[in-house]
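A short write-up of the structure that comes next.
Nothing in this text is a laboratory measurement; each read-out follows from the coordinates by a stated rule. Bear in mind that the values here come from a model prediction, so they are computed numbers and not experimental data. For neighbour counting, all protein chains shown are included, and Cβ atoms are generated from backbone atoms with ideal geometry for every residue, glycine included.
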Amino acid sequence: MSNEQVTAEQAQKRAEQAREIEALRQAMMRTWWWVCLALWLTVGALSLWWVRSDLQELQQYFTWTAVRYMLVYNRVAGMGIGLCIGLTLALLYSESRQILWGISAGERSRLLSDLEKIHAQGPSHPQWKVIRPEEA
């Protein structure tokens, strides 16, 4: 085999690995967005329901102090709303960072180790269809 064939095979293998990593990352982010939606529909909705009278009052007389007191005196609701907002902002930050600067070295390393585990188990792994949809 010549050097040209070896480098062409290596380039093809790298391209396939990059495609699999991106598919795995997208599947992971899609799962996190579904978790975030479920959190908003359960914990977020319940938390907003608990503070509904305070929210009606805020519509008429909005101040940041009133928001602070609403969340301090309704701690469970405040923690629920904070959890929902925190996860949403974390996901938006993660997606934005990936769009602007690409996958970080740590995330790439973690995805590569996950990819190795998937390849080691083969088609019986639940995420095999994610990285190899043509073989599913």
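Odds and ends about this structure:
- Across the stretch 17-103, the mean sequence separation of Cα contacts (distance under 8 Å, 6 or more residues apart), normalised by length, yields a relative contact order of 37 percent.
- With the simple spin-label model, which puts each label point 7 Å out from Cα in the Cβ direction, the R75 to S53 separation comes to 2.0 nm.
- In units of the compact-protein estimate 2.2 N^0.38 Å, the stretch 17-103 shows a Cα radius of gyration of 1.43.
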